[in-house]
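Data first, discussion second: the structure below is written as C-alpha cells.
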Amino acid sequence: MKNVYLTGAGPGDVELLTLKAHRVICEADVIIYDRLANPEILEMSKDGCEFIYVGKEDGRHSVPQDEINNIIYQNSLKHNIVVRLKGGDPFVFGRGGEEALYLYSKGVEFEVIPGITSAISAPAYAGIPVTHRGIAVSFRVVTGHESPNKKESQISWDNFKTDDTIVFLMGLHNLSKISSKLIEIGKSKDYPVAVISRGTTKKQQVVVGTLENIVDKSKGIPTPALIVVGQVVSLREQLEWFRG
C-alpha cells in the first residue's frame, strides 16, 4: 500500500484543487507543505493531522532539499498517510522528481497526484490563453531561476527565436536579464509581455508591457510571479474576466 502522496496543491485558488488531492488531504496523518500551497487547504485535514512546514523563501531556503527528502522518508515510517503538498504541480519545477527518486532509493512506495500548474492557470486567470488559433500554436515553460551552483546556464536562448508563447516561472528577479536576452536573440523591443503576481488568488496583480519597458512597469510587484512573453498577451484586453 502506498502511503506517500506527492500532491499538487494547484496555483492558489482553493477551488482548483483536484478531487484526488482533496481526498488524501482529508485522510492525511501528516502534511508536509511548502510556501506556495494555499494555507486554507490545511483546514481540510482531519483532527489530529500533523503539519510540517518546509517552505523556501525568497533568497533563503528554510529547509534544504536533502533534508526535505529525509523528512518525507522518516514520516513514511511513522504514518499511514503522508501528504507532501506542493504548490502547482509536483513535476513542474517542483522538485517532486527528486523526492520521488529518494523515496524509490529507500524502497518506499509513492503516488504522484498532479496539480494544475500556474504556467497555464495564472495566464488563464489573467485573460491570456497560452495558445490561440492564428496566433500561437505552441508554448514553452522555462525556469526563470536556475541553480546558483551551476557554472553555465542550461537555458538555450537561441531555441526561443521561433516560440509562440514563453512562460517563465520564478523569474521575476531575473526579468531584466530575460528581457535583454530575448531582445538579443532577435525579438522586437515592443514584443508583448505580462507579469502575473499571485495568480488565481484574490491578490492577483497583472502588469502588461513590452520587452523594452516591462522591467520598469513591474517594479514593486510581489512574488510569486510568472512572466508570459508572446502575442497572446494582447488578447488580455478582450479576455480579462477575473477581478480577484
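The values are calculated or read from the model by the stated rules, or taken from the named source; none is laboratory data. Source: prediction; values computed, not measured. Cβ sites come from the backbone with ideal geometry, for glycine too, and all protein chains shown count toward neighbours.
Residues in region 98-150 that are among the hydroxyl-bearing types (S, T, Y) and buried (at least 17 other Cβ atoms within 10 Å of the Cβ): Y102, T117, S118, S121, Y125.
Does region 5-43 hold any residues that are within 21 Å of the chain's Cα centre (by Cα), surrounded by fewer than 20 Cβ atoms within 10 Å (Cβ to Cβ) and farther than 19 Å from A100 by Cβ, and which are they? Selection gives D13, V14, E15, L16, L19, H22, R35, P39, E40, L42. Of the residues in region 141-158, none is in contact (Cβ under 8 Å) with a residue 24 or more places away in the chain, in contact with a helix residue (DSSP H, G or I) (Cβ under 7 Å, 6 or more places away or on another chain) and of a type in the set (S, T, Y). Taking the conditions (1) over 29 Å from A37 (Cβ atoms); (2) touching a Gly at 6+ places or on another chain (Cβ under 9 Å); (3) of a type outside the set (A, V, I, L, M) in turn, R236 satisfies each one other than (1).
Quick check: is even one residue across region 202-218 modelled with pLDDT of 95 or more, surrounded by 18 or more Cβ atoms within 10 Å (Cβ to Cβ), within 21 Å of the chain's Cα centre (by Cα) and not aliphatic (A, V, I, L, M)? The answer is yes, given that some residue of region 202-218 is modelled with pLDDT of 95 or more, surrounded by 18 or more Cβ atoms within 10 Å (Cβ to Cβ), within 21 Å of the chain's Cα centre (by Cα) and not aliphatic (A, V, I, L, M).
Evaluated against (1) assigned to a helix (DSSP H, G or I); (2) surrounded by fewer than 16 Cβ atoms within 10 Å (Cβ to Cβ); (3) within 22 Å of the chain's Cα centre (by Cα), Q238 falls short on exactly one condition, (3).
Answer yes or no: is there a residue in region 33-42 that is closer than 22 Å to V142 by Cα and of a type in the set (S, T, N, Q). No; the residues of region 33-42 include none that is closer than 22 Å to V142 by Cα and of a type in the set (S, T, N, Q).
Of the strands (runs of 3 or more DSSP E) lying entirely inside region 44-133, the ones with 1 or more residues being under 14 Å from the mean Cα position of the chain (by Cα) and not hydrophobic (A, V, I, L, M, F, W, C) are found at 82-86. On inspection, I32 fails the criterion of being out of contact with any Phe, Trp or Tyr (no Cβ under 7 Å at 6 or more places or on another chain), closer than 22 Å to E109 by Cβ and touching a residue at least 60 places away in the same chain (Cβ under 8 Å). Residue count for region 189-201, restricted to those that are assigned to a loop (DSSP other than H, G, I, E, B) and more than 14 Å from the chain's Cα centre (by Cα): 3. Every listed requirement among (1) surrounded by fewer than 14 Cβ atoms within 10 Å (Cβ to Cβ); (2) touching a residue at least 40 places away in the same chain (Cβ under 8 Å) is met by D47 save one, (2).
Hey, among the residues in region 33-50 that are hydrophobic (A, V, I, L, M, F, W, C) and within 15 Å of K202 (Cα to Cα), which one's modelled with the highest pLDDT?
A37
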